[in-house]
1. Can you say whether S27 is hydroxyl-bearing (S, T, Y), in a strand (DSSP E or B) and under 30 Å from V9 (Cβ atoms), as far as the supplied structure shows?
2. Only residues that are more than 12 Å from A52 (Cα to Cα), surrounded by fewer than 16 Cβ atoms within 10 Å (Cβ to Cβ) and not basic (K, R): list them for segment 90-102, please.
3. Inspect segment 110-125 for any residue being within 15 Å of R54 (Cβ to Cβ) and charged (D, E, K, R) and give the result as yes or no.
4. List, please: which pairs have Cβ atoms under 7 Å, are six or more places apart or on different chains, and start with a residue in segment 55-79 that is more than 17 Å from V116 (Cβ to Cβ) and without any contact (Cβ under 8 Å) to a residue 60 or more places away in the chain and end with one that is surrounded by 15 or more Cβ atoms within 10 Å (Cβ to Cβ) and not hydroxyl-bearing (S, T, Y)?
5. Give segment 76-109 a look and list any residue that's polar (S, T, N, Q) and part of a loop (DSSP other than H, G, I, E, B), or say none.
6. Sort out which residues of segment 64-75 are touching a Leu at 6+ places or on another chain (Cβ under 8 Å) and not β-branched (V, I, T), and write them in order of number.
7. Working only within segment 103-113, note down all residues that are crowded, with 16+ Cβ neighbours inside 10 Å and either free of Cβ contacts under 8 Å to residues at least 12 places away in the same chain or farther than 30 Å from Q133 by Cβ (or both).
8. Kindly check whether there is at least one residue in segment 59-75 that is at pLDDT 95 or above, surrounded by 15 or more Cβ atoms within 10 Å (Cβ to Cβ) and closer than 30 Å to E128 by Cα.
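The values are calculated or read from the model by the stated rules, or taken from the named source; none is laboratory data. Please read these numbers as outputs of a predicted model, since none were measured by experiment. All Cβ positions, glycine included, derive from the backbone under ideal geometry; neighbour counts span all protein chains shown.
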Amino acid sequence: MAELLKPQVFTICEEAGLIGAKCLDVSRLHARTGLVLDSDSVGFLFTRAPAANRMEFHIQGLEAHAGVCPEKGINAIKVAAEGIAAMQLGRIDHETTANISVIEGGMAVNIVSNSVVLRGQARSHSEEKLERQT
């Protein structure tokens, strides 16, 4: 029962920017070992994490009826796809990654889509590389 009464630390909002860990006063920790719940690296001490920039892109096209006059429209989904295809995504180098993870848009299959939103993020241990990638 005494084991259950020992102080424990759980941080929150780490994927949103290490919000919990940034507020932790590590000088108050006296444990010789610890457990990180979302890591598969046994015996590895995490001492830093990459900085991250969230990105959101709004692409505005021109709506048109897809069966009657598609040539009068500008398909925002096509524009977004061309933009994504031109991006460097995935593992950029040993410090930097980038990802587009959410695509929202379109209203119906018979309408040339006039609006799309893309969301993603870039991460890097180098702030210079992060800014360049973003």
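1. No.
2. Initially, segment 90-102 is screened for residues more than 12 Å from A52 (Cα to Cα), giving 90-94, 100-102.
Checking the rest, the ones that are also surrounded by fewer than 16 Cβ atoms within 10 Å (Cβ to Cβ) come to 90-91, 93-94, 101-102.
The answer is G90, D93, H94, S101, V102.
3. Among the residues of segment 110-125, at least one is within 15 Å of R54 (Cβ to Cβ) and charged (D, E, K, R), which makes the answer yes.
4. Hits for this filter: H65/I111; K72/A64.
5. Result: Q88, single match.
6. Going through segment 64-75, the residues touching a Leu at 6+ places or on another chain (Cβ under 8 Å) turn out to be 72-74.
Across segment 64-75, the qualifying residues are K72, G73.
7. Correct list: I111, V112.
8. yes
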